[in-house]
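Below is one structure; the comments refer to it alone.
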Amino acid sequence: MNRISFLWFFLLFIACEPDDVCSENTQTTSRLVIEFFDIENIENTKTVGGLFAFGLDAQGNNVEISGEVVSSREKIELPLNGTTNQTQFKLYKNYNVVNDVVQGNPDVITVAYTTSPIYVSRACGYKNVYNIQGFSIESDSDLWMVNPDIIVNDITNENETHVKIFH
């Protein structure tokens, strides 16, 4: 009986091909990487205190971003919507909730892009590669983000900054 079990396990093990499993290390659809810089010294990054982001749906309602937490940081990674050609986000500076009331300074950004599906593997399927066509900051009475600069148009990985924002 043990030989039959061993033989069965061995056959199943060797029948599995490397392409049957999508490794966690395989780069799938990348997020947009935004890095924040000092408007007064444009070579230096600048931390945004209490940075927090929501996606916005077509009606302008907040959509939670999985894994997004409030933190002071110089960089944020945002997922783009692969079924449309633009995505909007509300980025808060000094985000806080007190007695169910959101506090902080929100600015709305819009990212326009084209999408190209790229085959990764049988197990992983396809990933989207985005090409940034435009990036804007919606005007309001208290803008904290001043000027965007698209650095890399093609979003193929998360190891590089795609957009710089000066504040």
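The values are calculated or read from the model by the stated rules, or taken from the named source; none is laboratory data. Not measured: the values here are computed from a predicted model. Here Cβ is always computed from backbone atoms with ideal geometry, including for glycine, and neighbour counts include all displayed protein chains.
Side notes on the structure shown:
- The residue of segment 113-147 that is farthest from the chain's Cα centre (by Cα), among those that are modelled with pLDDT of 95 or more and among the aromatic types (Phe, Trp, Tyr), is Trp144.
- Residue count for segment 80-104, restricted to those that are among the small types (Gly, Ala, Ser) and part of a loop (DSSP other than H, G, I, E, B): 1
- Taking segment 137-153 as the range and being in contact with a Phe, Trp or Tyr (Cβ under 6 Å, 6 or more places away or on another chain) and more than 17 Å from Val108 (Cβ to Cβ) as the test, only Ile150 passes.
- Qualifying residue in segment 154-165 (condition: under 25 Å from Ser23 (Cα atoms), part of a strand (DSSP E or B) and touching a Phe, Trp or Tyr at 6+ places or on another chain (Cβ under 8 Å)): yes
- Residue that is surrounded by the fewest Cβ atoms within 10 Å (Cβ to Cβ) [pool: residues in segment 58-79 that are of a type in the set (A, V, I, L, M, F, W, C) and in a loop (DSSP other than H, G, I, E, B)]: Ala58
- Among the residues of segment 135-153, those that are in a strand (DSSP E or B) and either on the phi > 0 side of the Ramachandran plot or surrounded by 15 or more Cβ atoms within 10 Å (Cβ to Cβ) (or both) comprise Phe135, Ile137, Pro148.
- Complete set of residues in segment 89-122 that are of a type in the set (A, V, I, L, M), closer than 17 Å to Asn61 by Cα and surrounded by 13 or more Cβ atoms within 10 Å (Cβ to Cβ): Leu91, Val102, Val108, Ile109, Val111
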